[in-house]
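Have a look at the structure below before the remarks.
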Amino acid sequence: MHLQWQEKVCKPLGINCNLIFLLSHHNRQTQRAEAENTQTCFGSSDIKQCCQQSTQPIPAARLPYIVKVSAGKRYAWCACGHSKKQPFCDGTHRSKAPGISPVAFTPDKDSRVLLCACKQTKNAPYCDGSHFTVIVQDVVKSVKGVFK
């Protein structure tokens with residue numbers, strides 16, 4: 001049913017409902033896994049708006065970005081994960097994650113920095129190693145999926 005909803009409603013509208021479908025290898029039944037960071041579009045009066053809006057950041061990548069920054073220049077780091085100009089903000093959060101704002105920062109000196117890509121850092125915009133947790137969670141989900 002949920003796969004039909006995505007194919008018949010969301011796809012023709014040109015939107016991504018951000019639902020994750022897992023195919024069980026043993027019983028060949030499709031199961032719906034709740035998208036941890038996304039509003040559900042079921043029962044919404046405004047399907048397109050609801051389906052596109054994240055309530056939590058999504059990882060843009062699993063490893064941090066190595067970026068050369070200039071002293072005194074103001075940067076806006078994408079905190080939502082939807083920007084097409086990662087790791088920097090392109091304004092996509094306004095439509096896809098309106099509750100998540102970019103993080104502005106101005107470096108004190110010219111340098112190369114590691115900017116977070118997994119969007120789980122506690123030291124935004126800089127990487128604090130949180131991506132290791134995200135990678136482990138991905139591996140655990142993959143292994144659990146094999147044994148269903």
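Those residues that are outside any loop (DSSP other than H, G, I, E, B) and under 15 Å from residue 65 (Cβ atoms), I need them from region 129-145; list them, please. Before you say what the answer is, go through the steps one by one.
Restricting attention to region 129-145, the residues satisfying the condition of being outside any loop (DSSP other than H, G, I, E, B) are 131-145.
Within region 129-145, 131, 134 meet the criteria.
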Can you name the condition, by its number, that residue 148 falls short on among (1) of a type outside the set (Ser, Thr, Tyr); (2) touching a Leu at 6+ places or on another chain (Cβ under 8 Å); (3) assigned to a strand (DSSP E or B)?
-> (3)
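Taken together, the values in this text are just the output of simple stated rules run on the coordinates, not laboratory data. What you see is a predicted model, and the numbers here were worked out from it, not measured in a lab. Reconstructed Cβ throughout: ideal geometry from the backbone, glycine too, with neighbour counts over all protein chains shown.
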